[in-house]
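Student: Below are the structure tokens for one structure; questions will follow.
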Amino acid sequence: MYDTIIIGAGMSGLAAGIRLAHFDQRVCILERHYTIGGLNSFYRMNGRDYDVGLHAMTNFSRKGTKTGPLPKLLRQLRLRWDDFQLAEQLGSEIRFPGVSLQFGNDAELLRSEIAEHFPDQVDGYDRVVGRLLDYDDLDGDNPDFLRSSREVLAECISEPLLVEMLLCPLMWYGNARQNDMDFGQFCIMFRACYLEGFARPFKGVRLILKNLVRKFRGLGGELKLRSGVSRIHVEDGHATGVVLDDGTELEGRRILSSAGAIETLRLCDDITEAEVAKAGQLSFIESISILDKQPQQLGFDRTILFYNDSERFHWQRPETGLCDVRTGVVCSPNNYAYAPDEGSLPDGIIRITTLADHDRWCALSDKAYRAEKVVQQDAAIESAIRFMPDFRRHVIDADVFTPKTIRRFTWHDNGAVYGAPEKQLDGTTHVDNLYLCGTDQGFVGIVGAIVSGISMANRYCLRPME
Amino acid sequence: MTNDEIREEIIDILEDIAPDEDLGDLDDEKSFRDQLELDSMDFLDIVMELRKRHRVQVPEEDYPQLASMASTVAYLEPKMRDIVKN
């Protein structure tokens, strides 16, 4: 009998597992995939390491900072700042036709860019910053949490182009809702991206994951890979355990699931029909190009570049076709200020993320799927090089991950990267000892996911203390 | 445990919770919150570490007693004086 069974070995499940194992619970994390990480994972192909998910860790704070999500999660997980070995970004940028805004880990840069390009909007920008909810207010009780971000922004900023430009990175990095964004989610992402900023370990997401797993196992936690949960057994509104895909039954006093809200309900054997219509719709492809040069040698020094090719930013599932290349994110993991003893990454890497339609990708035959990966990668790069140097003749290897890949790693319906638009901020379900953590509980991104795992573990699995 | 030993235990717990923190110049009379920016999650951790390490129970209504080092030691003294330091 486990004290807590955790479904999913992503960031949130691992963080929750560490908390519970630290306080002497018998904990088991069950992961369907053959590897850990969920949305933020990694794989190896042709002798090279590839990351899924992580472009950057958001919410950067320098060593010694005591407030904010990163110091908080380090304390809660008993980790040192150095365990993540974070290198800061060189600088990021939002590019729309005719105008660009730079931003970095010093919040003043974005403000000065707005002062230069939209001089009459600086006061409005300051008003937006003044209206941001604190992290402490983000339990969903604040009436502003569910307001429309577009509405709040329009009250402060009169230039629609600036509103679109500010929304673009925040939606890309953490918005499950199409076209608009809950103001609470906007506040989380605004602080995470514009006020705190980006960083990355030299070794990428695998370093973070490996540290989390080592910590969890060191505390006596059990991690079972290739152990998908096929059923949560519920009796009179109370979960008694889970049944794995291979028929193994495990008993638990409580269950914490990062499988997603709808995905988790569907596992419960007292539910006959989950509302699939509420699943998220936004999925991506990511086109990864390996270059024979460092991107900076080709004149590209941006860490993350968010581009959009018209004045209006369209954040929605593609209406026609497999992908919508009008907007995208370019990330170069080379463009971080790594420590001198780390040197530079062995290859130049350009990752381009593009909006994609899960159902159309899944409907393709194997042959068509392989062919479309190449076609769509070409289209994504062709769109991106309108906003960056053309790097195509330097490509020596490439891979694409698609909504099918994301589904395989996350098991989210529709390969929905940020899960369902309606978040369950309190983490409860119709079953009295079954709780949600991760994407569908509320916070997204790596730091958000870890904070979610920690807070749900604290709230429901550690107290009341038995 | 003597009061000095209780203080040492609390320092040990704080080092565990905040490994990057320099606790050498901690002022016993000033609140943890102001010196270390501890929040409610951290206070819960102090309580849970006490329970894990020494089986000392601190009911929720007593959390305010843990505001500073001096008040924490004074509060824990009757609960921990019979514990043998190992």
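Student: Considering (1) in the same structural domain as residue A:20 (by TED's automatic domain parsing); (2) surrounded by 19 or more Cβ atoms within 10 Å (Cβ to Cβ), say which one residue A:96 fails and leave the rest.
Tutor: (1)
Per-residue answers, yes or no, for (1) at pLDDT 95 or above; (2) within 14 Å of chain B (Cβ to nearest Cβ):
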residue: A:80; (1), (2): no, yes
residue: A:92; (1), (2): yes, no
residue: A:96; (1), (2): yes, no
residue: A:102; (1), (2): yes, no
residue: A:105; (1), (2): yes, no
residue: A:113; (1), (2): yes, no
residue: A:119; (1), (2): yes, no
residue: A:122; (1), (2): yes, no
residue: A:131; (1), (2): no, no
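Student: For the structure I just gave you, tell me whether residue A:418 is under 17 Å from residue A:6 (Cα atoms), of a type in the set (Ser, Thr, Tyr), surrounded by 20 or more Cβ atoms within 10 Å (Cβ to Cβ) and in contact (Cβ under 8 Å) with a residue 40 or more places away in the chain.
Tutor: In short, no.
Student: Filter segment A:421-460 down to the residues that are under 25 Å from residue A:354 (Cα atoms) and of a type in the set (A, V, I, L, M), then identify the one that is surrounded by the fewest Cβ atoms within 10 Å (Cβ to Cβ).
Tutor: A:447
Student: Continuing with this model, one more query. Residue check: is residue A:183 aromatic (Phe, Trp, Tyr), under 22 Å from the mean Cα position of the chain (by Cα) and not assigned by TED's automatic domain parsing to the domain that holds residue A:308?
Tutor: Answer is yes for this residue.
Student: Looking at A:297, A:281, which one is in a helix (DSSP H, G or I) and in contact (Cβ under 8 Å) with a residue 40 or more places away in the chain?
Tutor: A:297
Student: Looking at segment A:135-146, is at least one residue modelled with pLDDT of 95 or more, surrounded by 15 or more Cβ atoms within 10 Å (Cβ to Cβ), outside the structural domain of residue A:311 (by TED's automatic domain parsing) and of a type in the set (A, V, I, L, M)? Reasoning before the result, please.
Tutor: Restricting attention to segment A:135-146, the residues satisfying the condition of being modelled with pLDDT of 95 or more are none.
The answer is no; no qualifying residue exists.
Student: Name the single residue that is farthest from residue A:193 (Cα to Cα) among those in segment A:39-78 being within 8 Å of chain B (Cβ to nearest Cβ) and surrounded by fewer than 16 Cβ atoms within 10 Å (Cβ to Cβ).
Tutor: If we take residues in segment A:39-78 being within 8 Å of chain B (Cβ to nearest Cβ) and surrounded by fewer than 16 Cβ atoms within 10 Å (Cβ to Cβ), then A:64 is farthest from residue A:193 (Cα to Cα).
Student: Has segment A:419-441 got any residue that is away from every other protein chain (no Cβ under 14 Å), assigned to a helix (DSSP H, G or I) and either over 23 Å from residue A:268 (Cα atoms) or not hydrophobic (A, V, I, L, M, F, W, C) (or both)?
Tutor: The answer is no, given that none of the residues of segment A:419-441 is away from every other protein chain (no Cβ under 14 Å), assigned to a helix (DSSP H, G or I) and either over 23 Å from residue A:268 (Cα atoms) or not hydrophobic (A, V, I, L, M, F, W, C) (or both).
Student: Scan (1) assigned to a strand (DSSP E or B); (2) in contact with a Leu (Cβ under 8 Å, 6 or more places away or on another chain) for the single condition residue A:87 breaks and write down its number.
Tutor: Tallying (1) assigned to a strand (DSSP E or B); (2) in contact with a Leu (Cβ under 8 Å, 6 or more places away or on another chain), residue A:87 fails exactly one: (2).
Student: Counting residues that are at the interface with chain A (Cβ under 9 Å from one of its Cβ atoms), modelled with pLDDT of 90 or more and touching a Phe, Trp or Tyr at 6+ places or on another chain (Cβ under 9 Å), which helices (runs of 4 or more DSSP H) fully inside segment B:1-68 reach at least 3?
Tutor: Fully inside segment B:1-68 and qualifying: B:40-54.
Student: Same structure, new question: Is it true that residue A:66 is in a loop (DSSP other than H, G, I, E, B) and in the same structural domain as residue A:219 (by TED's automatic domain parsing)? Quick ask: steps written out before the conclusion?
Tutor: On the way: in a loop (DSSP other than H, G, I, E, B): yes; in the same structural domain as residue A:219 (by TED's automatic domain parsing): yes.
In short, yes.
Student: Could you check, for segment A:46-57, whether at least one of its residues is farther than 22 Å from residue A:104 by Cβ and touching a Ser or Thr at 6+ places or on another chain (Cβ under 6 Å)?
Tutor: Looking through segment A:46-57, at least one residue is farther than 22 Å from residue A:104 by Cβ and touching a Ser or Thr at 6+ places or on another chain (Cβ under 6 Å).
Student: Among A:111, A:75, which is the only one that is more than 20 Å from residue A:335 (Cβ to Cβ), over 22 Å from the mean Cα position of the chain (by Cα) and not assigned by TED's automatic domain parsing to the domain that holds residue A:307?
Tutor: A:111
Let's see how each residue does on (1) touching a helix residue (DSSP H, G or I) at 6+ places or on another chain (Cβ under 9 Å); (2) in contact (Cβ under 8 Å) with a residue 40 or more places away in the chain; (3) under 25 Å from residue A:420 (Cα atoms); (4) crowded, with 24+ Cβ neighbours inside 10 Å:
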residue: A:178; (1), (2), (3), (4): no, yes, yes, no
residue: A:182; (1), (2), (3), (4): yes, yes, yes, no
residue: A:186; (1), (2), (3), (4): yes, no, yes, yes
residue: A:192; (1), (2), (3), (4): yes, yes, yes, yes
residue: A:200; (1), (2), (3), (4): no, yes, no, yes
residue: A:207; (1), (2), (3), (4): yes, yes, no, no
residue: A:218; (1), (2), (3), (4): yes, no, no, no
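The values are calculated or read from the model by the stated rules, or taken from the named source; none is laboratory data. Treat the numbers as computed from the prediction; the structure is a model and nothing was measured. Glycine also receives a Cβ, built like all others from the backbone with ideal geometry; neighbour counts cover every protein chain displayed.
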